[in-house]
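Below: one structure, written as C-alpha cells.
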Amino acid sequence: MNINQFLQHALTGISVGGCYALIAIGYTLVYGILRLINFAHGDIFMIAGYFMIFSFAVMPFPIAILVTLVATTVLGILIEKFAYSPLRQAPRMSVMISAIGVSYLLQNLATYLFTALPKAYPAIPGLKQVIKIGDISTSLVTILTPVITILLVVLLLWLVNKTKIGMAMRAVSRDYEAASLMGIKLNKTISFTFAIGSLLAAIGSILYFTDRMTVFPFSGSLPGLKCFVAAVFGGIGSIPGALLGGFFIGICETIIKAVGLSTFSDAFTFIVLIVMLLIKPTGLFGEKNIDKV
Amino acid sequence: MNKMKFKDKINIDLLIYIAIIVVSVIVLMYLDMNKFEYNYAISIIEKSLVYAVVALSMNIVTGFTGLFSLGQAGFMALGAYTTAILTIPVAARPNVYYMNGILPALENVVVPIPVALILGGLVAALFAALIGIPVLKLKSDYLAIATLGFSEIIRAVIASPMMDKITNGSYGLKSIPGFKSSIECFVFSLVCIVLMILIINSSTGRDFKAVREDEIAARSVGINIFKTKQLSFIVSSFFTGVGGGLLAMFMRSIDSKTFQITLTYDILLIVVLGGIGSITGSIVGAFFVTAGKEILRFFDEPLVIAGTEVPLFKPGFRMVIFSILLMVVVLFFRKGLLGGKELSVKVFKKHSRKKNEDNVSEGGKE
C-alpha cells in the first residue's frame with residue numbers, strides 16, 4: 001500500500017466514521033437518559049433513507065432534505081411515545097424487547113411497503129462531484145461528512161452544556177426522579193432527546209446513503225449495531241466519546257477492508273466491543289456508574 | 001393431607017402430558033403413512049418442534065435466569081454446522097465441497113445422527129463456556145449486545161475463506177440427511193424438551209430462578225452467582241446447539257446467512273409471545289408462531305375480491321402483522337400468553353374460577 005492509497009482509504013474511513021459518529025450520538029443520548037439500547041435507531045436511519053427517496057421524487061432537493069429531516073424527527077418522537085413511554089416503570093428487559101420489537105416492525109414494514117430489493121438513492125446535485133487533491137480523487141460528500149459531523153457536535157455540545165433544555169437533559173440522565181422533583185418535565189425532555197437523536201440519524205443517513213447509493217430494509221441494522229459499539233467505545237453518555245468512537249470504528253473498518261479481510265470487518269467491530277467491555281466498561285470518556293442497591 | 005392432594009394434581013398433569021404425547025405420536029404416524037398428502041402439515045410440525053426446542057433453550061437463560069442473551073443464532077450455527085459436517089454422506093461430499101475440497105481429516109468422518117446432534121450441542125456449549133467468562137460479568141443490556149456481537153463473529157468466521165475446507169465458506173452446506181419421518185423429529189425434540197424441563201425443575205433450576213429474582217438475596221443464601229449464570233448459559237447453549245442441528249436436518253441445506261440476527265429475533269418473538277419464563281408458553285408459542293406464519297401466507301398473495309385487488313395484500317404483510325402482534329404483547333400483555341405460569345389443569349381450574357377477579361385487578365393496574 002503506497003502513501004496515496006493509504007490516504008485514499010483514510011479519507012474514506014473518516015467519511016464513514018463521520019456518519020457512524022452522527023448515529024452513535026443518538027445511541028449515547030438515549031442511553032444516557034433512559035438506560036436503553038435503542039435497537040430501533042439503526043432502522044430509523046434506514047427509514048430516513050426511504051423518506052429521502054420518496055420526497056426527492058416529488059420535490060426539489062432542498063425541500064426534500066428538509067422534509068426528510070422533519071419526518072425522521074417526528075418518527076423518532078412517535079416511537080418514543082408509543083413504544084417506550086408506556087414502559088417507564090417496567091423492567092429493563094421489557095423495554096429492550098420493545099426496542100427490538102420496533103426494529104423488527106420497521107424492518108418488516110419497510111419490506112412490505114418498499115419490497116426487499118435495494119432502491120436507488122437519489123444523487124443530490126453537487127454532492128457526488130469528484131474532487132482531486134494531488135493524486136487522490138474523491139467526491140465532495142466524502143470531504144463534507146467529517147466537517148458537517150464536527151460542526152454538529154460543536155453545536156450539540158453547546159446545546160447540552162449551555163442551554164436550559166440541555167441542562168434538563170443532563171439532570172434527567174443523572175437522576176431521573178430527582179430531576180422530575182425539581183420540576184423538569186420528564187416526558188418533554190425525553191422527547192427532545194429522541195428528536196435530536198433522530199435528526200442526527202437523518203443527517204447521517206443522507207451523507208451515508210449518498211455515498212452508498214442504495215437503500216434496502218436491512219441496511220440500517222448492522223450500521224446501527226456498529227454505531228452502538230462506537231458509543232460504548234467512546235463511553236456511553238459522552239458526546240465527544242461517540243464522535244471519537246465513530247471515527248475509530250469507521251477508519252478501522254475501512255483499513256480492514258482495504259487489507260482484504262472484508263469478511264471480518266463486521267466481526268472486528270464486535271471484537272472491539274468485547275475487548276473494551278473487558279478492559280474499560282465505561283469507555284474512553286464514560287463516567288463511572290455506581291450501582292445502587 | 002395437603003401433600004397428598006398436591007401429588008394427585010401433579011399426577012393428573014403428568015397423565016395429561018403423556019396423553020398429549022401419545023395422541024401426537026398417533027397423529028404423526030398417521031401423517032407419516034400418508035406422507036405425500038400431508039407433506040405441508042408435516043413440515044410445519046417439524047419446524048415448530050425445532051423452534052420449540054430453541055425457544056425453550058432461550059427461555060432457560062432469558063426467562064429463568066434473567067440474562068438477556070441475544071446469541072441464539074450463533075450457537076445454532078455452531079450446532080448446525082457441526083451436525084451437518086459430521087452427517088453429510090461421504091459419497092455426497094465431493095459434490096458439496098466442489099469449490100475448495102474438504103479437509104482430509106474430515107473426509108471420511110461420519111457419525112450417527114444422535115451422536116452428531118450431541119456433538120453439535122457440546123461444541124455450542126464449549127463456546128458458551130469460553131464466551132461466558134468475559135460476557136456474563138456484564139450488566140443486562142451490555143450482555144445483550146455482547147452476545148449478539150459474538151453471534152455475528154461466529155457467523156463471520158464460518159463464512160470466511162479460511163474455513164473453506166471445513167464449512168465450505170460462503171457456499172454453505174447441502175445434502176444434509178433430513179428426518180426420516182416426523183416421528184424421528186418428534187422424538188429428538190421431545191428428549192431435548194423433557195431434559196430441559198427436568199433441569200428447570202431441579203435444584204439447579206431453582207438456583208437459576210433465585211438469581212433472576214434477586215442476585216443479592218441469592219448470594220446471601222450461598223448460591224454462587226457467577227457459576228450459576230455460567231451453568232445456565234452453557235446448558236442453554238447446549239440445547240440451542242442441538243436445536244441448530246435439528247434445524248439443519250429440517251432445512252437440509254444451510255449457509256451462514258441462515259443464522260443472521262433475524263433468526264434470533266424470530267426466536268425471541270416466540271419466547272415473548274409465549275411468556276418469558278414459561279415452559280409450556282415457549283412450546284405453544286413455537287407452534288402458534290410457526291403455524292401462524294404459514295397460515296397467514298395468503299396475506300402475502302394478492303387478493304382479488306369481486307374483480308378488484310385489495311391493496312393491503314402483498315409480500316411481507318404477514319410479517320408486519322407479527323411485528324404488530326409482538327408490539328401489542330410487549331406493551332399491553334407484558335407477560336405474554338402465559339406469563340411465567342404453566343399450562344396445566346390447576347391453572348385452568350384457577351383461571352376459570354378467578355377470571356372475573358383477575359380482570360378487575362388487571363384493569364385497575366392500567
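Annotations for the structure displayed:
Each row is one residue, and each column tells you yes or no for (1) more than 14 Å from every other protein chain (Cβ to nearest Cβ); (2) over 16 Å from the mean Cα position of the chain (by Cα); (3) over 22 Å from A:Gln89 (Cα atoms).
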residue: A:Lys162; (1), (2), (3): yes, yes, yes
residue: A:Gly166; (1), (2), (3): yes, yes, yes
residue: A:Ala171; (1), (2), (3): yes, yes, no
residue: A:Gly197; (1), (2), (3): yes, no, yes
residue: A:Phe233; (1), (2), (3): no, no, yes
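- Residue in segment A:42-49 that is touching a Cys at 6+ places or on another chain (Cβ under 8 Å) and either modelled with pLDDT of 90 or more or within 12 Å of chain B (Cβ to nearest Cβ) (or both) present: yes
- Taking segment B:158-172 as the range and being buried (at least 18 other Cβ atoms within 10 Å of the Cβ) and facing chain A (nearest Cβ under 9 Å) as the test, the residues that pass are B:Ala159, B:Ser160, B:Gly169.
- Complete set of residues in segment B:213-247 that are in contact (Cβ under 8 Å) with a residue 60 or more places away in the chain and of a type in the set (A, V, I, L, M, F, W, C): B:Phe226, B:Phe233, B:Ile234, B:Val235, B:Phe238, B:Phe239, B:Val242, B:Leu246, B:Leu247
- Answer from A:Ser55, A:Ser94, A:Ser139 - the residue that is within 14 Å of chain B (Cβ to nearest Cβ) and either among the β-branched types (Val, Ile, Thr) or surrounded by 13 or more Cβ atoms within 10 Å (Cβ to Cβ) (or both): A:Ser94
- Test: residue in segment B:205-225 that is assigned to a loop (DSSP other than H, G, I, E, B), acidic (Asp, Glu) and within 14 Å of chain A (Cβ to nearest Cβ): yes
- Lone qualifier among B:Asn59, B:Asn100, B:Asn11 - being in a helix (DSSP H, G or I) and surrounded by 14 or more Cβ atoms within 10 Å (Cβ to Cβ): B:Asn59
- Taken together, A:Leu113, A:Leu127, A:Leu36, A:Leu117 contain a single residue that is more than 21 Å from A:Thr193 (Cβ to Cβ), within 13 Å of another protein chain (Cβ to nearest Cβ) and outside any helix (DSSP H, G or I), which is A:Leu117.
- Selection status of A:Ala230, crowded, with 24+ Cβ neighbours inside 10 Å, touching a His at 6+ places or on another chain (Cβ under 9 Å) and modelled with pLDDT of 90 or more: no
- When segment A:175-205 is filtered for residues that are of a type in the set (D, E, K, R) and closer than 22 Å to A:Phe39 by Cα, only A:Lys188 remains.
- Among the candidates B:Gly316, B:Gly336, the residue that is within 29 Å of B:Phe64 (Cβ to Cβ), at pLDDT 70 or above and touching a helix residue (DSSP H, G or I) at 6+ places or on another chain (Cβ under 6 Å) is uniquely B:Gly336.
- Of the residues making up segment B:123-148, just one is buried (at least 20 other Cβ atoms within 10 Å of the Cβ) and not in a helix (DSSP H, G or I), namely B:Leu136.
- Residue identified as in contact with a helix residue (DSSP H, G or I) (Cβ under 7 Å, 6 or more places away or on another chain) and either under 24 Å from A:Lys188 (Cα atoms) or buried (at least 19 other Cβ atoms within 10 Å of the Cβ) (or both) among A:Ile79, A:Ile131: A:Ile79
The values are calculated or read from the model by the stated rules, or taken from the named source; none is laboratory data. Just so it is clear, the structure is predicted and the values come from calculations on it, not from any experiment. Neighbour counts are summed over all protein chains in view; Cβ atoms, including those assigned to glycine, are modelled from backbone coordinates with ideal geometry.
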